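The values are calculated or read from the model by the stated rules, or taken from the named source; none is laboratory data. Just so it is clear, the model here is predicted, and its values are computed rather than measured. As a convention, Cβ positions derive from the backbone with ideal geometry for all residues, glycine included, and neighbour counts pool all protein chains shown. The area values use the complete protein model at the heavy-atom level, side chains included, leaving out ligands, DNA and RNA. Shrake-Rupley method; radii C 1.70, N 1.55, O 1.52, S 1.80 Å.
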Amino acid sequence: MPQSVTEPVLQIKNLRTHFFTDQGVVPAVDGVDLEVYPGQTLGVVGESGCGKSVTGMSAMRLVAPPGRIVDGEILLRGENLLKLSEVEMSHRRGKDLGMIFQEPMTSLDPLYPICDPLMEAVQAHRKEKMPKADAMAEAVRLLASVGIPDPERRARSYPHEMSGGMRQRIMIAVALSCRPAVLIADEPTTALDVTVQAQILSLLRDLQSETGTGILMITHNLGLVAENCHTVAVMYAGKVVEKASVQDIFKRPRHPYTQGLLRAVPRLDHPAKQPLPTIPGMVPNPLRLPVGCRFQTRCAFVTDRCRQEQPPLEAVGTGHLAACFVQPEYTASAPAHKGGA
Amino acid sequence: MEALIEITDLVKHFPGRSTLLGKTSPPVKAVDGLTFTVYKGETLGLVGESGSGKSTTGRLIIRLIEPTSGSCKYEGKELFGLSRAEMLPYRQKMQIVFQDPYGSLNPRMTVSNIIREGLEPRKLTEQEQETEITRLLEVVGLRTSHRNRYPHEFSGGQRQRIGIARALAVNPEFLIADEPVSALDVSIQAQVLNLLLELQQKLGLTILFIAHDLAVVRHMSDRIAVMYLGKIVELADSEAIYLDPLHPYTRTLLRAIPIPNPDIRPPDTSADPGAQSGRGEGCVFRNRCPHSTDKCSIEPPLLEVKPGHFSACHYAVELPDYHDERLTTG
């Protein structure tokens with residue numbers, strides 16, 4: 001289990017990743033601060049385009065042009081990854097920082113048996129060359145550790161012979177092969193069936209308690225956040241609008257966007273066939289973001305001040321930050337809307 | 001309750017592929033003997049994981065694909081075997097909305113022309129068409145000033161509204177919604193679900209709501225049919241499906257749904273066996289079922305085990321009481 005949880009293993013400070021498109025600059029990530037603690041999971045939630053995936057890619061330094069990290073620090077155990085050369089950074093990837101993606105179908109090379117990426121992973125970060133037989137034995141051990149039945153035989157299978165859930169288990173095995181300090185999991189179960197999703201996440205929780213890996217889990221699914229995360233950051237239009245413990249996010253959310261998201265999800269424990277409280281309107285065009293709060297056009301609590309100033313992310317409780325001037329109390333039913341959508 | 005659609009013994013087998021050596025793999029039994037009724041004015045939810053055959057079922061009913069065998073009656077009239085011309089009036093009564101709001105709209109047509117296509121069979125004058133297009137745009141909550149725009153100018157949620165407007169253009173009685181919100185963000189998903197609920201109330205639509213997300217299906221449906229590998233394993237009122245599920249697969253599915261409440265510990269699913277493995281003789285869920293016995297090598301029929309509650313399990317009434325503590329706390 002986690003050692004001391006006072007020092008974050010990964011700290012993202014004032015990260016700005018902008019995309020320089022023909023139409024103009026898109027501030028996909030616009031001043032984001034996040035902390036991942038050893039043995040804990042930070043959930044980053046938000047809707048398409050909020051910048052959650054770009055944040056993950058930035059932490060790996062895998063942002064492709066026209067995107068560029070224009071400001072900020074990414075501190076892994078205190079060392080700023082943005083100051084490293086590309087060669088030094090490639091040594092950190094895999095060894096200290098692992099990543100798994102949504103698409104287990106496309107992240108494995110179809111031409112090689114699945115032992116191949118595993119053996120590559122276990123050999124990659126060693127000074128001395130590892131005998132092939134040892135690497136194979138290690139690959140088989142890793143397959144067994146992620147619950148692949150008959151690992152000796154399965155190691156020689158090709159990706160197309162395996163189901164989506166199996167492939168995602170293999171990706172997890174590859175990502176965790178070097179016991180990285182941090183794992184970035186970007187929608188790791190979105191492409192999978194719900195029963196398989198439950199098994200993959202239970203596997204990740206077990207592995208985390210064994211290895212003490214800090215996980216940054218990017219997802220749009222609030223149910224997964226509640227079940228898997230210790231702390232949560234809610235993103236909207238490139239900014240973190242609320243950050244707190246999982247308890248505070250679900251029970252005492254103070255940002256109207258977080259509150260709206262929680263109300264909008266159909267739940268088994270709520271009455272059926274009733275209209276769901278919605279968030280009116282849609283996300284602003286990233287090329288024409290409004291002055292002031294970026295949520296103002298969809299917010300029931302909007303004031304004149306919200307249209308002029310951007311609310312800073314400020315403490316509203318112990319370990320609980322929200323970027324809202326109003327900070328309304330959470331109610332189960334939606335407030336009447338007065339913002340111009 | 002009056003039946004609108006009656007499906008009996010519906011089967012769709014896709015032929016197996018031939019291999020290099022001239023062997024043919026066995027046919028894929030996408031839909032394997034479905035019998036169910038959709039009553040007028042209700043929403044019947046069809047839920048299942050990938051490969052369960054739920055989308056194929058929707059496509060068979062409106063004859064986008066042809067069945068291998070079986071019967072589908074619309075108000076008592078057999079649809080399978082009708083010629084194109086004979087099918088035409090039923091094509092106006094039944095409409096489908098697809099998952100992908102990006103792929104299901106012609107990118108070269110303006111919104112008003114997309115809807116106008118649907119109006120054709122109604123033989124309206126040009127003036128009437130324009131009025132009707134305006135009305136339909138208003139019904140689905142789109143700005144009428146956007147009528148001359150192209151699909152790419154709209155967001156995913158708005159495109160799904162265009163797809164719904166097009167489906168409503170023929171004044172249908174029956175709407176098949178095939179994963180209509182799976183591609184949408186949470187806040188937009190709620191808007192589209194509300195629109196469907198509202199349209200059903202206003203227009204008295206009968207809806208077949210197909211989705212993989214049981215929480216969404218439960219929210220939208222009066223009754224739910226749970227599918228697994230081409231079969232209906234359970235069919236009941238939606239409340240009964242999640243409060244008193246009488247098939248082990250339904251229970252597995254329910255336990256796997258994450259609930260947005262941090263006080264609830266995720267249930268232990270490690271005992272639930274993994275992926276859907278090939279099926280042999282007997283019950284389709286046999287290989288994954290914690291309760292399976294030798295008796296399960298005989299295929300269990302879908303039987304009414306409580307009033308209005310059907311289960312295809314030999315042990316439906318003997319299963320331990322189901323209690324999901326996750327739904328009673330908090």
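What to note about this one:
- Test: B:L184 is touching a residue at least 24 places away in the same chain (Cβ under 8 Å), within 26 Å of A:V283 (Cα to Cα) and within 12 Å of chain A (Cβ to nearest Cβ): yes
- The helices (runs of 4 or more DSSP H) located wholly in segment A:186-275 that include 1 or more residues which are within 29 Å of A:Q296 (Cα to Cα), under 19 Å from the mean Cα position of the chain (by Cα) and more than 11 Å from chain B (Cβ to nearest Cβ) occupy A:256-264.
- Of the residues making up segment A:75-93, just one is touching a helix residue (DSSP H, G or I) at 6+ places or on another chain (Cβ under 8 Å) and in a loop (DSSP other than H, G, I, E, B), namely A:L84.
- The set of residues from segment B:155-181 being of a type in the set (K, R), touching a strand residue (DSSP E or B) at 6+ places or on another chain (Cβ under 9 Å) and either within 14 Å of chain A (Cβ to nearest Cβ) or more than 21 Å from B:K202 (Cα to Cα) (or both) is empty.
- In the set (1) away from every other protein chain (no Cβ under 14 Å); (2) under 13 Å from the mean Cα position of the chain (by Cα); (3) not aliphatic (A, V, I, L, M), B:T37 fails one condition alone, (2).
- Against the criterion of being modelled with pLDDT under 95, assigned to a helix (DSSP H, G or I) and under 30 Å from B:D237 (Cβ atoms), B:S145 does not qualify.
- Pairs where the first residue, in segment A:88-102, is β-branched (V, I, T) and the second is open to solvent by less than 50 Å² (accessible area, probe 1.4 Å) and assigned to a loop (DSSP other than H, G, I, E, B), C-beta under 6 Å, 6+ apart: A:I100/A:P188
- Number of the exception - A:C178 against (1) within 13 Å of chain B (Cβ to nearest Cβ); (2) assigned to a loop (DSSP other than H, G, I, E, B); (3) open to solvent by 10 Å² or more (accessible area, probe 1.4 Å): (1)
- Evaluated against (1) open to solvent by less than 10 Å² (accessible area, probe 1.4 Å); (2) part of a strand (DSSP E or B), A:G56 falls short on exactly one condition, (2).
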